[in-house]
């Protein structure tokens, strides 16, 4: 099927009816000046094909397609395309019998549009199916490349390129059908839900009610028949009993009275014997209680007390033993860690030393000197001159030091002589000074022995004041927050059973989570909603027990961890959400990742937070919700639900609960920590208070002593002796320092002269062996260079190792400190644990001995009690036996008396009953002969009359209750309801079967689609690379899935020049991008050609040679499809069989048709194409006919319509 003729009327620049006829079935070109209307012809064809994206035809709405939008008096745009449909193989489905197919589309001002197929109105869906069946899907085309879109092919995303391959594979229409099928499944599911709703809410309750009423009605009917039958039986039984009682005589009544008298006498005898046994038992019981009760109770309490104490101390001892073992284990582990740290530090030190040596060696080698040389690379003569100068300088310093020492010695001798003269006058002050120094030293020793640090005490006191204020402040914060949250987070319950384990109740969800960032509090509170105040328990049994017997003050919802079904956002949805958010400059997180909690309650947290995504932007949240079908919540609390609802509004209270709860938890932790620290500080201050007072007292005394000493020193310094003494001390120190300097100067002088002489000797030696040394030096220089290069390499390695070890050392210093502290703590704990273990073991032995004594005493006492108890039990046993016999005699006597009275009363009653029954029930006279007959209706032997009487009373009670609520029309109503129920079940089964079949077909087609796409991709990829390398020699191109995706998920274009694959297509020039896009389109043509291709200035970025090559390729290799090409370059349209030239005259576009130069070689090109593709003979004949018809049109006909 191909375009044969286009009729345009009132469409865009074609104001009047314009017929564009004579389209070649193979290659047509449209050319003309800019703005002459050549692209409008392509827009008209797209308009008929049903394009919905009007931007591709450069229009904002359908009204803009009308000529000048109706301002010139034209109110309708109409386009008719006549398709040649002679080839049934390429015919649309349902139109095989039509040689031509005419499709018209009209649009009125205002946007109203309609379609006509062969002159008949047709819906848009029918038109789309017509074109889809021949691979002309204009809304996702690969056959339509409009103006400027050629390079956009390369900018397509992977799924868009995949869409082009799907069009070529023919699976695109399946996607549309698949979406429609899924919608049908949803409708079927909605129908099933509706049927289930009707069944569960209307039919089933009604049917259950009617079934109950039916049972009641049947029961009522059955009871009526049973009551009548049983009532006759009971009346007959009563009549027969009464008649029998009348017939019996009273001969045995006198014997029964004598028997009663005898039994009463026996009972009195037994009663006297019982009273005797009772007295003996009371005497023995009082003795047992008075003598043994108190002692036994005391011994029992002592034994129980000692037993409990034994258990307690044993448990304490075992705990101490375990702690001791654990402390030893911890100490060993810490020592191992400390050893490892020391090894690492030693390795670091060794590496630094190695680095310094290599660095020094490298510097020397770089200077061209041996390791033995130095002095910054000076030459030997320079070193000799420098050594001689240093020796002279050192000799001069020695002389100066000698003169200074002599002067100081003389001066010091003079001062000593003067001090001897003044010593007598200063003896008193010296004694007072020595006494004062001794007193001060004693006080200092006392202070040092006191072992008290005043700075530590002051710091502790300041810390106490700070902690006290902090605790008061935190208490206020906690009380305020607790009062604010009390009503919302209150959950109090009593233990449902004694000894209930409260750890099974985890608590409210709000108290089990930790908001990691306060900015997320509002969103998380909205995500959780009412679930924030639900209660998490370990099992459903625990939750039921709390609800039944926990005495809850308000209604709560329980989340059992063993039953709850967690809800999770899929990884794919999370990744997609993150990608969308990143593209929009936002962020997205699964809500579950924004809260902290214990892993034990993960399933409950996933149930509360697992199904939502938190996004920090409304636009991103909306798009993520639409794309992933996942509930999204913004940081402000706005909710976007997949069902379509959007929730938002006031944000003043959002997040307050979680924010305040987080503050409360932080404040509580800080308060607890500060209280613990305050207790430690107060305890330390209490221990130091006594020492502090002593320290203050001694410090005051020391201050007085030091002030006294300072005063004496001042007096001494003001005397002549004091001045001389100070002068003597300073001169002595100066002399001592001068002597030390003199010795070092002499040694330095000796070293300098030795170095000078060594260098002179070496100079002489070098002069004697000059030639040999030059050779050695030259070889030494080469060796030094080689060694220097090695040293450079080693120095670099050492530098790298040094930097690494420096960083490790910084972290290990902290580890060493903490390890040392841990060792000290572990040793202290071990020592304390060992001491405690020993003491506890001793206590256990003592308590166990006391308990054994108490237990043996208790056993002995209980043995005595058992002996007396057995005697008492024997007496009570005899007493009970006698009392039982007396009671038996009394009972027998009473029974006989009652029997005598009963016989008399029964006879009187029987007379009345017989008369009454005969009077009330006339049928007795006729049927009394059958009363009591074995096997008859009144067989009283086989059936108990009393049971039948009870059954009759029961039936009457049931019947009375049933008669109030019986529905006598229920039989007809239930039959109708059961019919409706059966019909609905049948319909539901039909719908579910349809749904299953559709799903099965979709799954099967999905597999086929993937297989077909895989095959198409491989073929297209091969042709794509071949065509591109032909158009642009030395280059390669391929289609491949992006990293992490499969071929049926998306495809992207890769290009290489030589063997280098480009990272991005943006590196290509405009012409190269156009050739790449055209190669992709042509490879799709080769796989499964569409009947028609529309190209609008695809050669805009190409030079003349490439345009000529593409035009020639279209003409010679793609003869199986019709091409309609808009081009301004001769290299393209000169290859066309038919050329249409457009002009713009008086505001209206016109079209002129000419025969192109490409038609002259048409027959040859078709023959070559047929040989290459091995087409059937029938198809060859059809193409030859087309070629002949094309040749017949080479008359230069020109059709210009205005």
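Observations
- Taking the centroid of alpha carbons for each part, the range 1044-1079 and the range 472-549 are 58 Å apart.
- Förster-model FRET efficiency, 25 Å R0, residue 647 and residue 627, C-beta, rounded to 0.05: 0.85
- For the peptides 918-931, 1079-1092, 881-894, the ranking by mean Cβ contacts within 10 Å, running from highest to lowest, is 1079-1092, 881-894, 918-931.
- Whole-percent pair-distance distribution, where bins are 10 Å wide, for the alpha carbons of the range 398-485: 12, 14, 15, 14, 14, 10, 8, 7, 5, 1
- Packing rank of 458-465, 233-240, where each peptide gets the mean count of other beta carbons within 10 Å, highest leading: 233-240, 458-465
- Efficiency of FRET between residue 449 and residue 402 - r from beta-carbon atoms, R0 51 angstrom, step 0.05: 0.55
- In range of the label at residue 1069: residues from the range 1092-1107 whose backbone nitrogen is under 14 Å from the point 7 Å along Cα→Cβ: 1101-1107
- Across the range 502-666, the relative contact order, built from alpha-carbon pairs under 8 Å that are at least six residues apart, equals 27 percent.
- Residue 575-residue 204 pseudo-label distance in nm [points 7 Å out on the Cα-to-Cβ vector]: 4.1 nm
- Across all directions, the shadow cast by the convex hull of the range 502-666 built on its C-alpha atoms averages 10.3 square nanometres.
- Label-reachable residues, the range 540-574, where backbone N falls under 17 Å from a point 7 Å from residue 497's Cα toward its Cβ: 540-551
- Principal semi-axes of the equivalent ellipsoid, √(5λ) from the alpha carbon gyration tensor of the range 88-135, are 23, 11, 7 Å from largest down.
- For the range 880-1004, the fraction of alpha-carbon pairs in successive 10 Å shells from zero, as %: 9, 13, 18, 16, 13, 10, 8, 7, 5, 2
- Potential lengthening between residue 948 and residue 672 on full extension [0.36 nm per residue; Cα-Cα distance subtracted]: 91.6 nm
- Sorting the segments 1093-1104, 410-421 by their residues' average number of neighbouring beta-carbon atoms within 10 angstrom, most packed first, yields 1093-1104, 410-421.
- Counted residue by residue at 0.36 nm each, then reduced by the alpha carbon distance between them, the extension gain from residue 549 to residue 1040 reaches 170.1 nm.
- DSSP-defined beta bridges in the range 502-666 - what % are antiparallel, rounded to 5: 65 percent
- For the pair residue 758 and residue 877, label points projected 7 Å from Cα toward Cβ lie 12.1 nm apart.
- Once the Cα-Cα distance is subtracted from the 0.36 nm per residue extended length, the residue 602 to residue 1061 segment shows a gain of 160.5 nm.
- Extending 7 Å from the Cα toward the beta-carbon at both residue 919 and residue 687 defines two label points whose distance is 10.9 nm.
- FRET E, pair residue 279, residue 905, Förster distance 41 Å, beta-carbon r, rounded to 0.05: 0.40
- Share antiparallel - DSSP beta bridges, the range 594-740, percent rounded to 5: 50 percent
- Taking other Cβ atoms within 10 Å as a rough exposure proxy, 120, 383, 549 sort from fewest to most as 120, 549, 383.
Bear in mind that the values in this text are calculations on the coordinates, not laboratory data. Just so you know, these numbers come straight off a predicted model, no measurement behind them. Cβ sites come from the backbone with ideal geometry, for glycine too, and all protein chains shown count toward neighbours.
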